[in-house]
């Protein structure tokens with residue numbers, strides 16, 4: 001609704017529209033609905049600082065490729081030595097224009113440092129002078145973050161005790177229950193649950209289904225989890241005769257419906273295509289959207305959030321989302337988090353789905369990464385949104401600043417919270 005004396009944009013003043021959109025998108029705070037960050041209460045699980053930024057797995061793969069250093073030589077270094085090697089290889093010996101490298105430059109610049117000086121010791125001195133709590137506050141303010149959603153794994157022996165101890169978690173950090181072991185390594189997960197006192201066996205005998213549901217419910221309640229999530233390979237299929245489908249059908253979907261939370265599927269990662277690179281050695285494969293269609297069609301009372309890793313899957317996923325209101329597609333995941341692909345995907349989604357999408361999440365593993373991932377993505381979201389608005393007013397529509405603000409709020413967090421509700 002247009003307010004009295006409010007700025008309204010039409011074809012007559014469309015030239016002023018782009019500046020307004022950029023300003024409004026930058027002013028809007030963000031809910032980052034999928035990250036690998038942790039609240040400070042989780043101690044060393046919260047990664048932050050320049051050495052962690054530089055040894056991010058994107059940069060490891062890039063530096064090893066550029067230098068041809070033997071894998072065993074790289075992994076034999078300490079983390080500070082690895083960070084210094086990556087800095088020298090990618091930022092001193094070469095121009096850092098890849099997206100992962102530019103991200104580091106943006107981080108340093110947004111923190112008031114001078115990336116062009118190339119003095120790693122100065123950057124380290126800055127981070128050494130910060131407390132983790134102050135750094136979290138500074139990064140959230142600089143990135144204009146309202147809140148983030150973590151990735152929380154009750155099978156992780158470092159993370160689980162923090163939850164069981166009832167640690168006070170910063171309310172800006174929401175939880176998501178990660179359930180990869182249940183779906184990707186069922187036999188081992190069943191053994192772990194059995195050892196923890198759940199009456200579970202890998203053959204689904206006895207009380208297995210009820211006990212897995214009890215396990216999920218207990219952790220949803222303990223974490224106050226906003227959704228359950230899993231990362232899946234490109235050959236994921238549903239339904240089939242695998243333990244994965246059995247757990248989804250009998251355990252995950254009824255538990256998600258009972259608690260009123262979505263089931264988030266991240267589909268298309270090929271684990272360990274180059275094991276010598278460790279975490280940096282994963283790849284991408286084209287998946288089928290058919291499994292998503294069947295999940296949504298057969299379970300209309302469940303809510304699903306889906307992102308897919310291959311560029312080739314994006315159009316079919318958008319079309320599927322048009323057909324199922326219980327499906328929310330989100331983010332430009334992992335290898336898609338590059339400007340050329342973010343813009344293409346954002347444009348496609350806006351044209352097919354309007355504002356009923358979550359256009360981006362940071363997937364950040366290191367605290368400071370949210371600075372560059374949101375700076376770079378905001379610029380693209382604003383650009384595409386301004387293009388769509390210019391097309392709209394050229395067709396005869398009158399666009400108010402209130403409408404622009406409502407769209408920005410929805411795209412940068414509101415659509416996620418609406419879907420959860």
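Readers should treat all values here as calculations from the given coordinates under stated rules, not as data from a laboratory. Computed from a predicted model, the values in this text were never measured in an experiment. Glycine also receives a Cβ, built like all others from the backbone with ideal geometry; neighbour counts cover every protein chain displayed.
Stretching the chain fully between residue 156 and residue 387 yields a gain of 78.7 nm (0.36 nm per residue, less the alpha carbon separation).
How much length would be gained if the chain were fully extended between residue 105 and residue 172, taking 0.36 nm per residue of separation minus their Cα-Cα distance, in nm to one decimal? Mind dumping the intermediate values first?
Numbers: separation 67, 0.36 × 67 = 24.12 nm, distance 2.61 nm.
Additional length available on full extension: 21.5 nm.
In the elastic network of the chain, a GNM with C-alpha springs shorter than 10 Å, the most mobile of 54, 113, 182 is 113. Set the Cα radius of gyration of the chain against 2.2 N^0.38 Å, with N its number of residues, and you get 1.02.
Just to verify a number: FRET efficiency for residue 129 and residue 340, C-beta to C-beta distance, R0 = 56 Å, to 0.05? Approximately 0.90, to the nearest 0.05.
Normalised by the number of residues in the range 1-113, what is the relative contact order in percent for Cα pairs under 8 Å and 6+ residues apart? List each step's numbers first, then the result.
Details: 44 pairs, mean separation 20.5, N = 113.
Reported as a whole number, the value is 18 percent.
Assuming R0 = 22 Å, can you tell me the calculated FRET efficiency for the pair residue 286 and residue 65, based on Cβ-Cβ distance, to the nearest 0.05? If you can, show how the numbers build up before the last one.
Values: r = 23 Å, r/R0 = 1.05.
Efficiency, rounded to the nearest 0.05: 0.45.
Taking the helices alone, the chain has a mean residue ellipticity at 222 nm of -13500 deg cm²/dmol, built from -39,500 (n - 2.57) per DSSP H run of at least 4 residues and averaged over all its residues.
Across q = 0.13, 0.22, 0.26 Å⁻¹, the range 1-93 modelled as identical point scatterers on its alpha-carbon atoms has Debye log10 I(q)/I(0) values of -0.69, -1.10, -1.27, in the order of the q list.
Calculated FRET efficiency, residue 402 and residue 379, Cβ-Cβ r, R0 22 Å, to nearest 0.05? After rounding, the FRET efficiency stands at 0.45.
Model label sites at residue 279 and residue 7, defined 7 Å from Cα along the beta-carbon direction, differ in position by 4.2 nm. The percentage of C-alpha pairs in the range 87-181 whose separation is greater than 17 Å is 65%.
Extension gain for the segment residue 44 to residue 79, taken as residue separation times 0.36 nm less the Cα-Cα distance, is 11.2 nm to one decimal.
Projected label points at residue 72 and residue 418, each 7 Å from Cα along the beta carbon direction, are separated by 5.7 nanometres. Name the residue, out of 276, 190, 386, whose mean-square fluctuation peaks in a Gaussian network model built on the chain with Cα pairs under 10 Å. In the Gaussian network model the winner is 276. Label positions at residue 347 and residue 137, each projected 7 Å from the Cα along the C-beta direction, are separated by 4.3 nm. Its relative contact order, with pairs defined as Cα atoms under 8 Å and 6+ residues apart, puts the range 57-205 at 13 percent.
Put the Cα centre of the range 323-343 next to the Cα centre of the range 375-393 and the gap is 16 Å.
What percent do you get for the relative contact order of the chain when only Cα pairs under 8 Å and 6+ apart count? Intermediate values should be presented prior to the final figure.
Values: 655 pairs, mean separation 103.7, N = 421.
In percent, rounded to a whole number, it is 25.
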